[in-house]
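The values are calculated or read from the model by the stated rules, or taken from the named source; none is laboratory data. Source: prediction; values computed, not measured. Virtual Cβ from ideal backbone geometry, glycine too; neighbours counted across all protein chains shown. The accessibility values were calculated without ligands, DNA or RNA, using every heavy atom of the protein model including side chains. Shrake-Rupley method; radii C 1.70, N 1.55, O 1.52, S 1.80 Å.
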Amino acid sequence: MTLPAHGVISLSLTHTHTHTEMSQYCKITEGLEVVAWLSSHTLTTISQRDSSHPRHCKHQLGGQRLVNTDSLHFISRFFSSSDVHTEAVQAALAKHKERKMAVPMPSKRRSLVVQTSMDAYTPPDTSSGSEEEGGQGEGTPTSSQGSISMEHWITRAIHQGSTTSSSSSSTQSGGSGAAGRLADVLAQTHVGKSGNAPSTSPASTSIPQKLDSCVNSNICFFPGLCLFVCINTCVSSLGVPVSSRVSAKIQQLVNTLKQPRRPPLREFFVDDFEELLEVQQPDPNQPRPEGSQMVAIRGEPLGVVTNWPPSLEAALQRWGTISPKAPCLTTMDTNGKPLYVLTYGKLWSRSIKVAYNILHKLGTKQEPMVRPGDRVALVFPNNDPAAFMVAFYGCLLAEVVPVPIEVPLTRKDAGSQQIGFLLGSCGVTVALTSDACHKGLPKGPTGEIPQFKGWPKLLWFVTESKHLSKPPRDWFPHIKDANNDTAYIEYKTCKDGSVLGVTVTRIALLTHCQALTQSCGYTEAEIIVNVLDFKKDVGLWHGILTSVMNMMHVISIPYSLMKVNPLSWIQKVCQYKAKVACVKSRDMHWALVAHRDQRDVNLSSLRMLVVADGSNPWSISSCDAFLNVFQSKGLRPEVICPCASSAEALTVAIRRPTDDSNQPPGRGVLSMQGLSYGVIRVDSEERLSVLTVQDVGTVMPGALMCVVKPEGVPQLCRTDEIGELCVCSIATGMSYYGLSGMTKNTFEVFPMTSSGAPISEYPFTRTGLLGFIGPGGLVFVSGKMDGLMVVSGRRHNADDIVATALAVEPMKFVYRGRIAVFSVTVLHDERIVVVAEQRPDSTEEDSFQWMSRVLQAIDSIHNVGVFCLALVPANTLPKTPLGGIHLSETKQLFLEGSLHPCNVLMCPHTCVTNLPKPRQKQPEIGPASVMVGNLVSGKRIAQASGRDLGQIEDNDQARKVCFLFLSEVLQWRAQTTPDHVLFTLLSSRGTVLSSLTCLQLHKRAEKIAAMLMERGHLQDGDHVALVYPPGIDLIAAFYGCLYAGCVPITVRPPHPQNIATTLPTVKMIVEVSRSACVMTSQVICKLLKSKEASAAVDVRSWPPVLDTDDLPKKKPPQLYKPSNPDTLAYLDFSVSTTGMLAGVKMSHTATSAFCRSIKLQCELYPSREVAICLDPYCGLGFVLWCLCSVYSGHQSILIPPSELEVNPALWLLAVSQFRVRDTFCSYSVMELCTKGLGLQTESLKSRGLDLSRVRTCVVVAEERPRIALTQSFSKLFKDLGLHPRAVSTSFGCRVNLAICLQGTSGPDPTTVFVDMRALRHDRVRLVERGSPHSLPLMESGKILPGVRIIIANPETKGPLGDSHLGEIWVHCGHNGSGYFTVYGDEALQSDHFNSHLSFGDTQTVWARTGYLGFLRRTELTDASGERHDALYVVGALDEAMELRGMRYHPIDIETSVIRTHKSIMECAVFPWTNLLVVVVELEGSEQEALDLVPLVTNAVLEEHYLIVGVVVVVDIGVIPINSRGEKQRMHLRDGFLADQLDPIYVAYNM
C-alpha cells in the first residue's frame, strides 16, 4: 500500500450496524483495502483489490482527494470478528511447522511427574481477577467455595486419570487415596524405563588413561542401576521423533540452535575491562512518527443542573429524608437469592449512627481516638456491600477519611504487607469492619486479632447497628458543600508490588459523580447491576457513589456467587429489568461459557453495559463474542460501553450509550511492529502481527486530554504516535498520600509543545494508560504503563503477550485468566517471563508442546523472544483478593526461586543478543618484541625461587652426606634413637590405636622384606602394590619394599560396600603399574577373593597376593642398598580431576630432597609433633604420612580422614590433646569440620578444646585455594583459640608434589582481588575489594627451598612478565623424573618433565605443572630480607573451558551458581559440543528443582556472559568427588551422557 507524500493515511471505522449486517458487509467489501476518515466524516473507498492477485493492488483515489492528513493518522480495517489474533497465531505456528524446528523436551524424574493430588482436581476455572491487580480472567477456586460436591471431582479425577497417557501435575508428590494409587499404576504402565546404558569398555592401557568408573572417589556411579526415566521415543512439538538419550537430545538442541535466528543487535556493550558501555544502535529502518503535533482534546462542558446536590452527603440527606423507602442496595447470597435490601432511609440513619460513634465513642472525651480529617481503614468482605456503604458514608458524615482495603485472610496474604505499610504511612489506628468479618479474622490464643505483618497496631471497630450507641437527639452531622478536603483514599498496587494511596478530594468526588451522571445519562430510580469490586475503581464510583447522587437502586452480585453461577448477573438484569450493568470482560466471557441456550434471557432492558476493563486490548474479543451470542436475546450493539479508568485520574473516558449514529464506535487494527516503536501503523506486508483495539468513547465532560511521551519530559506526541494519556480535570485524584515527589511527577504534570511551551496553566494528571486520540475525539488505549516492557529498545505490552499466549488453544492446557507476564532485568536488558497455571489433566507432553507453540507464536507476532515460560500447578500463583494473579508477588517468587513450577522452558539463546563480542585470538608476538615490551613497560620476567638449599645450614650435616636413601635414614634412627616414637595412629574415639618407634618400624620392615624375597620371590626393582587402609601397616610395608629393593605403589583399597565400582580401579592400577605382587592385610585379602569381587573383576588374573598380618619370624639375609641414587624409589599413582590416571616416577634423590625441603620449610625436628589428617595414597599426603617422620625424626600423629565421618571433632581434639603446633589436612576434612561442628563450638570449648598452640594449619591441595572455606573455618574456630593467620594452603601437582607450602617463618599469605573479565583473556588486572566482577585469590603458600618457578605462555612456551597469567613451570631437585609408561610414550614425558623455554633462558630444564597462575612481587620481605614473591594459582589448564574465545575456570561459574539459591548444595559445570552444562545438587524437595533453572541461567549470564545450554538437577552426592575433595567433572560428564545420573530434572535451554 503506497502512502501519500505526507506519511500515513488517516482512517477510522464505524460500527453502527448490527453484528450480522457487519459480517455481511465484510463479505461484500472483501476487496476493501483502506477506509479513510475524511474531515467531513464520510467513508470513502480508496482502493479496490485487483481480483487477479491480492498482492497487486491498483491504488486509485475515488473521486475525492484525501484531506486533513494532519489529523490523526489512524489506520484500520473492518473485521467480521475480532478473532484476528487467533487467526494470526495459527498462521504463525503453521509457518514454524514448515521449518521443522524440534525443541528437546526436558527430562523429568517420575516422582516429579506423578503429582496427582486431590487439590489439583478443583471445579472448572471460576475465580476472577481485576486487571490492575494483574489478573485477567479466571482461575480455580478452592473446592470449599464451589457448590459442586467433592465426590464429583474425585470420581472425575479417577475417570480422567484413566485416560491420560501420562500423569498429571500438581503441588504435592504422591497421591491420596484412589487417585494416588491410580497415578502410580499409570506411571508404571505408561512411563518406560530407558534400557541400561551400554557398559563402557575398559580404558586402553597406555597412561595417562581415562577412567570410566570413579577412581579415588568417595561417591560413585552405579552403572548397572539406571533409574533415568523418560518416554523412550517421544515426538517433539513439531513431529520430529526425539530419542530419550541425553546425547541425542543435546544433538537436537545444537541442531535447533544452528537454525537462523533474528540478527543480533549491534553489540550492546564492549567488554573493555574499564566500563561496560551500553551502545544501543537504533534500527535505521524503524518506523518513526510522521504526523503533526497533536492538539489537546476538550470534553463537552459539564452541564450545571440546578438540582444537583452541593455534596454527596447532601444527596444522601435528601434521599434519606424525602424517599426513605426507596431501595438503595440489594445484596445477594451465594444461591442468588436477595439477602437484604438497604433503603435510603436506613442508609442515612445508620451512617449518622456510625459517624457519631466514630467521633464520640472511641477513646475518651478529652482524648478521642479519631478526629475529623483522620484516616480510618474500612475492612469489609466482598459479599457485604451494605455494611461497607454504611461505614463509607458514616466516615463522610463524620468528616474522617475512609481507606477501603481488602480483608487480610491470613497473616501473609499476597500484598498484605504492603497494604500494612500504606495504613502505617496514613497514620491509621482504627479499622471499621462488619461483625461476620471480625469473627472470621485470624485470632491469637487469647482471642485477640494478631498484628498482621507490616501493619500498624489497629483497634477493630464493628459497625453493625446493634453494637453502636444511639446519637443524642441534639447531635447532627455537619453537612458542608464539597470542598478541597480529602474525601477518601483509594489504594493502588504498583508494578513492583508497593501500595500507594491516591487521595480524592470532596470536590473531585462530587465532580466525578456529576461527570459520570452526564456521560451515562443516569436518572433517578434506575436499576444498576454491579458485578465489580465495590471498594475501589469503577465499582465504587458507579455502585456506591454516583448511584446515591441519583437515588439509583444497585443490585450487587458478590464474587462468591459468580464463582458458583457465572450467569447470575444476566439473570438479575432480566429479573430486575435493569437499565445498566457494570461488568468486566471476564464476566462476559464466563456468561458465554455458561449460557448454554438459556431460553428466558432477555437483555432488551439494558441501555448501557459498562465494560470496566474495556481499555484492555484483549477485552474486544469478549465484547464481540458476547454481542454475537446475546444479540438474539435483545442486546443492542450500542449498549456495550467500554471505559478506561485509573486510580489517579478516575474515569478517563467512557463510550456514551447512544442511538445517535453520528458517534459510531471505532476500532483499529494496528501493526504490532509499529506499536513496539510507539507508532500507529498498519503493516501491509506482515498481516499476522496486528493488534485490534476498540475505542473507549470520548473525553469526560469538563476535562481536557492530551497524549505525552511516556519517558522524559512530558512533551506532546504527534498524531500517529502512542503516548501516555494525561487529563486535566477537577475530577481526578489529588496526590499520593505522603509522597510529595511522586505526586509532583504524576498529579502536577505540565505538558509542553515541541518548542517547550506549556499547553495550559493548569496541571494535568498522568493516567498510566498508553494510547492515542483517534478521529472524532475517540480515545483508544493500547496498554498500560505498568504493563510496559522495554526489550532491546522496543516496547511490548504485557496484556498483548497474554492475548497471544491465550490464542494458542489455551483451554486444553492452562487456565484462561491465570497467566502472568512480566519482565526481569538480566544482562542490561529486560527479559520477558510468562507464567501460567497448568490444568491438572494436561499431560507433560501436551504442556510442553503448548509451551513451544506459545514461544513460536510470540516470536512471530511480537518479534520478541520469551526468556522464560513456566507452568505452575493449578491454584498455586499468589492471588489478589478478587482472585486475579498478584503480579508483583509472582515476579518476586520467580526471582527468589520459590515459584515451584512443574514445567519450565528457558530461551536464553533466542533472547540474549547483547553478549559481548567473542574474543578474537591475536596473532602471537615474537620473542624479541615480548622481551623489549616487558623492558619498556618496566616489567620483570615472572620468576621466583625458594631459599637456596646449598646456603642453608642443616644440623644433620653429617647425615645429609651419609644417607642419600630413606632406608638408610631409618636404619640410622633405629640404632641411635630406637625408642623414639615416630608414628601414632588414632581411632575414631581419639584413643591411640597403635604406635611405632624407630626400632619397631625397622624390625617390621625387615620381616616384610624377608617375606617379599621368600614367599614373593621378587627381584630388585620389581613393583609391589600396597593395598592398605590408612594406618601403620602401610608405612611398614613401604619401608619393607625399600629394604627388599622393590618399588612400592600405594593403592587405595576397594570400598567393602561398593566393590563393583571401586575394585576395577584397584585392578587397573595393579595392572598398569606392572606390579609383581600385591601386599595387603588379611581383611582386604579376603575381600579381594570374595564372590562380589569375582563379579566385578577377573580375580584369576591378580598377581600373587601376600598377607602381611602373617609375617615370617626371621629377618632377611641383607638389606638392599641402591647402587644409584637416581633409581626409582616409588611410583606415585593418582587420578586427575579430568579422569586421567598416571603414575609418576620418584627417584631416591628426589624423595630425599623433597623430605629435606619440607623439613627446612616447616622446621621439623625430633622434638616436634605433627598431626596429619590426609589420605596416604599419593602426592604430598603420602609423603607426609609415610616419609617425613623418618627423615626429620618428628612424631606424626596419624588421623585417617574416614574416621571423621564418625567423629567430626576427632582431628581438632587430637591437635588440642597432643598440643600440636603444625597440622596438615585436606579441603574435605576442613569442610567436614566446618559443616559438622558449626553449632558445637561451645560444647567443644567446654570439653577443653584449645587450638591456640597451632602455628600452621596447612591444607594440602592441587587447586586454587578455596578462600571462602578457609575463611569460614578460621572464623568458626577463632573462639577456640585458632589464630586467623595459622590457616594456609599448599600447592603441588603431578610433576612436583609440593611447590609451595606455608612454612613457619616468612610473611603471612596475601590475598589479591583480580578482575574476572580480564582473567578470561589471560590477563591479570588487580582491582579493589568488592568492585564488580572481582575475584579474591589467595597465595598458595611460600615457595619451598630449592624450588624455582617461572610463568610461561602454554602455547608459545615463552616467559611472561610479572602479573601475566600463564602456565606455572617448576625446576627443582624433587621434581618427578617422568611418567611410568608401559609403552614408553616419550612425547608426553618429555613435554611434561623436560621442557625448555622458547627464548630467554633456554638451557634450564623445567617441568610443566599444567596449572595457570601468576607471580606478583609484594611489599613484604621474607626471612632473607628480600622482597617476597607470591604465587597465585588460578586453575588447571585441562579443566579450563574455552567458550566464546575466552578461558573460563569451572570453579568461578560454580561459585556463582551455588550463591543463587539456598537449596543448591554443590555444582559442577562442563562443556559439551560448545554448550555449557550445569549440574546442581538439590537439597530440599524435588518440587524446588525447576525453580533453579531460571536462577542458574540468570546468574551465569549476569556474571560470566555465558548462556547455559543444559541445566541438570540431581540428588545430593551425585557429583563425584575424589579423596582430595576435588570434583571429577569429566566422570560427571560421562555419567550424564550415558544416562547414569538419574536426574530429577534436565532442562534444555533454547
Cα-based equivalent ellipsoid, segment 1482-1527: semi-axes from gyration tensor eigenvalues, Å: 22, 17, 8
Relative contact order of segment 1061-1108, defined on C-alpha pairs under 8 angstrom at six or more residues apart (%): 53 percent
FRET efficiency for ASP979 and THR1421, using Cβ-Cβ distance with R0 set to 60 Å, rounded to 0.05: 0.90
For segment 1406-1519, share of DSSP beta bridges that run antiparallel, in % to the nearest 5: 75 percent
Sequence-separation-based contact order of segment 993-1039, relative, with Cα cut under 8 Å and 6+ spacing, percent: 52 percent
Area projected by the alpha carbon convex hull of segment 1249-1408, averaged over all directions, nm²: 12.0 nm²
Kirkwood-Stokes translational diffusion coefficient of segment 663-790, alpha-carbon pairs, 37 °C, 0.692 mPa s, µm²/s: 212 µm²/s
Theoretical gain in end-to-end length, LEU362 to ARG1444 [0.36 nm per residue, Cα-Cα removed]: 382.4 nm
Portion, in percent, of the accessible area of segment 1147-1251 that falls on carbon or sulfur, probe 1.4 Å: 49 percent
Listed residue (ASN863, VAL781, ALA731) projecting farthest to the positive dipole end of segment 720-872, Cβ model: ALA731
Estimated dipole of segment 1406-1532 in Debye, rounded to 20 [Cβ of Lys and Arg +1, of Asp and Glu -1, Cα centre]: 440 debye
Neighbourhood net charge (10 Å Cβ-Cβ; Lys/Arg +1, Asp/Glu -1) for VAL1518: -4
Neighbour net charge for ALA798 - beta-carbon separation under 9 angstrom, K R +1, D E -1: -2
Dipole magnitude (debye, nearest 20) for segment 1182-1275, charges at Cβ of Lys, Arg, Asp, Glu: 360 debye
Under the Karplus curve 6.51 cos²θ - 1.76 cosθ + 1.60, θ = phi - 60°, whole-Hz ³J(HN,Hα) for segment 691-698, x wherever Gly or Pro sits: 10, 8, 10, 10, 6, 10, x, 10
Segment THR446-ARG989, length gained on full extension (0.36 nm per residue, minus Cα span): 190.3 nm
Local electrostatic count, SER1094, Cβ distance below 13 Å [Lys/Arg +1, Asp/Glu -1]: +3
Relative compactness, segment 1051-1144, computed as alpha-carbon Rg over 2.2 N^0.38 Å: 1.27
Fully extended contour minus Cα-Cα distance, from THR523 to SER605, at 0.36 nm per residue: 28.1 nm
Where labels lie 7 Å past Cα in the beta-carbon direction, separation of THR321 and LEU739 in nm: 4.2 nm
Long-range HN-HN contacts of ARG831 with modeled amide H, under 5 Å: VAL824, THR825, VAL826
Pairs of Cα atoms farther than 16 Å apart, segment 1200-1320, %: 63 percent
Residues ALA314 and GLN631, FRET efficiency given R0 of 45 Å [Cβ-Cβ distance, rounded to 0.05]: 0.60
Amide H contacts under 5 Å for LEU459, placed H, 5+ residues apart: VAL430, ALA431
Protein accessible area in segment 624-758, 1.4 Å probe - carbon and sulfur %: 52 percent
Peptides ranked, highest mean first, by Cβ atoms within 10 Å: ranges 1210-1221, 1323-1334: 1210-1221, 1323-1334
ASP283-VAL593 pseudo-label distance in nm [points 7 Å out on the Cα-to-Cβ vector]: 3.6 nm
Cα centroid of segment 384-435 to Cα centroid of segment 772-820, whole Å: 32 Å
For peptides 1072-1080, 830-838, sequence by mean Cβ density within 10 Å, most packed first: 830-838, 1072-1080
Estimated dipole of segment 343-388 in Debye, rounded to 20 [Cβ of Lys and Arg +1, of Asp and Glu -1, Cα centre]: 160 debye
Largest to smallest principal axis extent of the C-alpha atoms in segment 740-883, angstrom: 61, 39, 35
Descending semi-axes in Å of segment 485-611, equivalent ellipsoid built from Cα gyration tensor: 28, 20, 10
Accessible-area value, MET1316, 1.4 Å probe, nucleic acids and ligands omitted, Å²: 20 Å²
All lysines inside 22 Å of LYS108 as judged from Cα atoms, apart from same-chain residues fewer than 8 positions distant: LYS193, LYS249, LYS812, LYS1462
Burial order of peptide ranges 452-464, 1391-1403 (average beta-carbon count within 10 Å, highest first): 452-464, 1391-1403
